[in-house]
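Data block below; observations after.
The values are calculated or read from the model by the stated rules, or taken from the named source; none is laboratory data. The shown structure was predicted, so the numbers you read here are calculated from the model rather than taken from an experiment. Using ideal geometry, Cβ is built from the backbone for each residue, glycine included, and neighbour counts are taken over all protein chains shown.
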């Protein structure tokens with residue numbers, strides 16, 4: 001197996017770990033369920049398994065629980081995207097975006113310590129899962 005094949009296999013294995021991780025609904029999520037550690041996460045719609053968002057972070061607990069679920073629009077892009085999405089006319093403000101997450105979405109995550117690897121896995125998962133919301137490039 002050459003280096004490219006080894007890297008592809010490694011990427012597949014890491015992606016599988018994320019996608020086979022427990023599904024935690026936003027309605028039932030507790031901070032203690034999420035490690036205070038770096039990693040990659042996927043947010044999906046429960047009914048369709050459509051991937052809304054893939055992210056990487058230095059702190060999974062803070063990003064998923066504090067920012068995405070409870071945070072303001074300034075540090076929870078997903079809620080901003082939901083509010084601006086013409087396909088989601090019932091989501092009109094921060095409160096309805098938060099309720100949508102609680103009623104309809106779940107998260108899966110995997111601890112990944114290495115910064116470079118987190119970025120690579122985030123990109124791979126975004127590609128593989130055909131993510132609805134990708135944040136704008138700077």
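Among the residues of region 102-124, those identified as assigned to a helix (DSSP H, G or I) and in contact with a helix residue (DSSP H, G or I) (Cβ under 6 Å, 6 or more places away or on another chain) are 121, 124. A count restricted to region 44-53 and to residues that are within 20 Å of residue 124 (Cα to Cα) and free of Cβ contacts under 8 Å to residues at least 60 places away in the same chain stands at 1. Restricting region 53-67 to residues that are touching a strand residue (DSSP E or B) at 6+ places or on another chain (Cβ under 7 Å) and more than 12 Å from residue 108 (Cβ to Cβ) leaves a set whose member that is surrounded by the most Cβ atoms within 10 Å (Cβ to Cβ) is 63. Could you tell me which of the residues 41, 81 is under 11 Å from the mean Cα position of the chain (by Cα) and in contact (Cβ under 8 Å) with a residue 12 or more places away in the chain? The match here is 41.
Here is a yes/no grid of residues against (1) assigned to a loop (DSSP other than H, G, I, E, B); (2) more than 16 Å from the chain's Cα centre (by Cα); (3) in contact (Cβ under 8 Å) with a residue 40 or more places away in the chain; (4) within 24 Å of residue 81 (Cβ to Cβ):
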{"site": "1", "(1), (2), (3), (4)": "yes, yes, no, no"}
{"site": "11", "(1), (2), (3), (4)": "no, yes, yes, no"}
{"site": "15", "(1), (2), (3), (4)": "no, no, yes, yes"}
{"site": "32", "(1), (2), (3), (4)": "no, yes, no, no"}
{"site": "55", "(1), (2), (3), (4)": "no, no, yes, yes"}
{"site": "66", "(1), (2), (3), (4)": "no, no, no, yes"}
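Of all residues in region 101-138 being over 15 Å from the mean Cα position of the chain (by Cα) and surrounded by 11 or more Cβ atoms within 10 Å (Cβ to Cβ), which is modelled with the lowest pLDDT? That would be 117. Every condition in (1) surrounded by 14 or more Cβ atoms within 10 Å (Cβ to Cβ); (2) modelled with pLDDT of 95 or more holds for residue 47 except the one numbered (1).
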